[in-house]
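Okay, structure first, notes after.
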Amino acid sequence: MTKALTGLLTSPAGTRTPPRPDQLGQQQVSMDKTSRSFGSNRPAFESFLSEMTQWFSDHQLQVDELFGHSDADGSGSVHPEDFYLGLMNLGVACQQFQLHMLTQQLKTANDTISYRDLSGQVQRLGLRDDPQNTQTSRRDQHQLLNPENGRRFVRLSVRLIPFDGAAAHPGNFEVVLLSSSRVLSLIRMIQDRVGIQTSRLEVYRSRVPTEEARLLPESLLEECGFRGGPEGTPPEDTVYYDYSLLFTDCPILNCDHYFRSMPDPAAVNSGLGL
């Protein structure tokens with residue numbers, strides 16, 4: 001690891017620091033096995049790539065700033081170990097074995113990783129051959145040769161149902177996604193952007209939240225009718241969402257004595273109290 005990046009990854013006294021390189025080496029065998037198992041689960045792997053694509057899109061400036069300090073020759077590349085530890089330091093939104101797998105897949109033949117346009121690099125990982133599915137492998141090869149035909153995007157206007165009519169509300173935003181993204185990825189993106197800490201969040205095709213309009217989390221956007229188009233001019237559409245919060249653990253709401261009617265002390269002293 002370069003001295004510049006080592007300094008950036010040094011945490012103040014009393015805080016948790018990233019694992020040492022020797023610790024990472026001891027964990028590598030286990031991580032390799034877990035990574036292979038995870039990568040063979042195609043739906044979970046594609047959902048993970050979609051989430052990481054969005055994360056890198058949101059944090060590319062921080063990534064550039066972090067690795068730029070150790071990129072003396074301005075090549076835009078860093079060593080895989082620096083890449084792994086650097087992203088851990090940034091609080092990347094994935095588990096360690098997932099980051100290990102991502103690091104291995106982004107590594108080039110020169111044993112380096114380009115830290116530029118990481119969202120685009122992660123998107124392209126989804127187009128690689130699937131060795132367990134010949135048909136998927138052929139389709140992915142066609143997508144690599146014809147990226148405009150293979151990668152289709154959709155621009156979604158995401159609206160919080162109770163505030164759909166508001167001109168500007170933090171719960172309403174726009175996002176461009178691959179049409180092959182899963183609804184679950186969109187749900188997690190909404191939770192991250194709006195800061196919603198609940199699992200009871202539903203996405204709908206229409207403003208009226210009926211069961212028929214609900215989008216199943218495991219479904220692909222294109223399966224829900226969002227066909228997508230070129231990245232430069234993606235078709236626009238709208239989805240709606242709503243959520244509910246659970247208060248079962250709230251001591252105030254669970255204790256009815258807070259809401260009992262108490263006599264007025266003045267009335268008691270005057271003999272008017274019941």
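In whole Hz and in residue order, list the ³J(HN,Hα) couplings for the range 79-95 that follow from phi through the Karplus curve 6.51 cos²θ - 1.76 cosθ + 1.60, θ = phi - 60°; x for Gly and Pro.
Calculated HN-Hα couplings, in order: 6, x, 5, 5, 4, 4, 5, x, 5, 4, 5, 7, x, 4, 7, 7, 7 Hz.
With each label point set 7 Å from Cα along the Cα-Cβ vector, what nm distance links Glu174 and Ala44?
With each label placed 7 Å out from Cα toward Cβ, I get 3.6 nm.
Using a Förster distance of 35 Å, how high is the FRET efficiency between Arg200 and Gln96, based on the Cβ-Cβ distance and rounded to 0.05?
Efficiency for this residue pair is about 0.75.
I'd like the carbon and sulfur percentage of the solvent accessible area for the range 153-243, probe radius 1.4 Å, heavy atoms only, ligands and nucleic acids excluded.
Roughly 47 percent of what the probe reaches on the range 153-243 is carbon or sulfur.
When the chain is fully extended, how far beyond the present Cα-Cα distance does Ser30 get from Leu61, taking 0.36 nm per residue of separation?
My answer for the length gained is 8.0 nm.
Can you list the residues, at least 5 places off or on another chain, whose amide H is less than 5 Å from the amide H of Tyr204, using H built in the peptide plane?
Leu215, Tyr240, Tyr241
Could you run the Karplus curve 6.51 cos²θ - 1.76 cosθ + 1.60 with θ = phi - 60° over the range 181-189 and give me ³J(HN,Hα) per residue in whole Hz, x for Gly and Pro?
Result, ordered by residue: 5, 8, 4, 4, 5, 5, 4, 5, 5 Hz.
Quantify how much of the Cα-Cα distance distribution of the range 153-243 extends past 20 Å, in percent.
29 percent
Would you mind getting the accessible area per residue of the range 31-126, heavy atoms of the protein chains only, 1.4 Å probe, in Å²?
44 Å²
Probe of 1.4 angstrom, ligands and nucleic acids ignored: what's the accessible area per residue over the range 181-239, in square angstrom?
I get 56 Å² per residue for the range 181-239.
Which ³J(HN,Hα) values in Hz, rounded to whole numbers, follow from the phi angles of the range 160-169 under the Karplus curve 6.51 cos²θ - 1.76 cosθ + 1.60, where θ = phi - 60° and Gly and Pro get x?
Calculated HN-Hα couplings, in order: 7, 3, x, 10, 4, x, 6, 5, 9, 9 Hz.
Once you have the Cα-Cα distance between Asp117 and Ser157, take 0.36 nm times their residue separation minus that, and quote the gain in nm to one decimal.
That works out to 12.0 nm of additional length.
The values are calculated or read from the model by the stated rules, or taken from the named source; none is laboratory data. Note that the coordinates shown come from a computational prediction; the quantities given were computed from them, not determined experimentally. So basically every Cβ, Gly included, is an ideal-geometry build from the backbone, and we count neighbours across all protein chains shown. Accessible surface is based on the protein model in full, side chains and every heavy atom, while ligands, DNA and RNA are left aside. Shrake-Rupley method; radii C 1.70, N 1.55, O 1.52, S 1.80 Å.
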